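Notes follow once the structure below has been shown.
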Amino acid sequence: MTTTKSRYWLLSALSGLGWALLLLALFRPHELRLCWGPLIVSPFIGLIIGALARPWIRTHFIWLAYGALFNLHLASALFGFATSLYSWCAGQGIRGESFGSALHGAWQASLLCSFGIDISLLVFFLWPVAIANHFWLGYFTAESR
């Protein structure tokens, strides 16, 4: 039997994987080859977001909503970073591009993904899902703090 603390981390990792599956549903079929990088690192992204959310996950709804919005933008930036670096590692980028140049491109992709959810108005769909995800995580691990 797992303790509530280890259950929190397990659910955070599974939550990251769930967000990656949601990402797969949002991509067009010809773009799915780019999703392997985020799919591989999504449990780690879930752990990072879970670590940031842990202090305030059982607070007032307003703080939960603001925290979920912040974590949504951070997670999308990390997904963009992972997608760009995976593209470079898989040889799908510019031939002969240096790793430093790939890191610069990954930084730009992370900013574009973070702002892209606002510009495309996906934030109106993803923010309530993030709030529900944070609430669900706090509900199922109530005594984990």
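What follows is calculated from the coordinates using simple rules that are stated; it is not laboratory data. A quick note: this is a predicted structure, and the numbers were derived from the prediction, not measured. Because the Cβ atoms are built from the backbone with ideal geometry, glycine has one as well, and the counts that use them run over all protein chains shown.
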**Q.** Net lengthening on full extension, THR3/LEU52 (0.36 nm per residue, minus Cα-Cα)
**A.** 15.7 nm
Q. Normalised by the residues of the chain, what does the relative contact order come to in percent, with Cα pairs under 8 Å and at least six apart?
A. 33
Q: Please sort through the DSSP H helices of the chain and keep those with an alpha-carbon extent of at least 24 Å along the long axis and a Kyte-Doolittle average not below 1.0.
A: 4-26, 36-53, 61-89, 123-140
Q | Packing rank of 5-18, 59-72, where each peptide gets the mean count of other beta carbons within 10 Å, highest leading | A | 5-18, 59-72
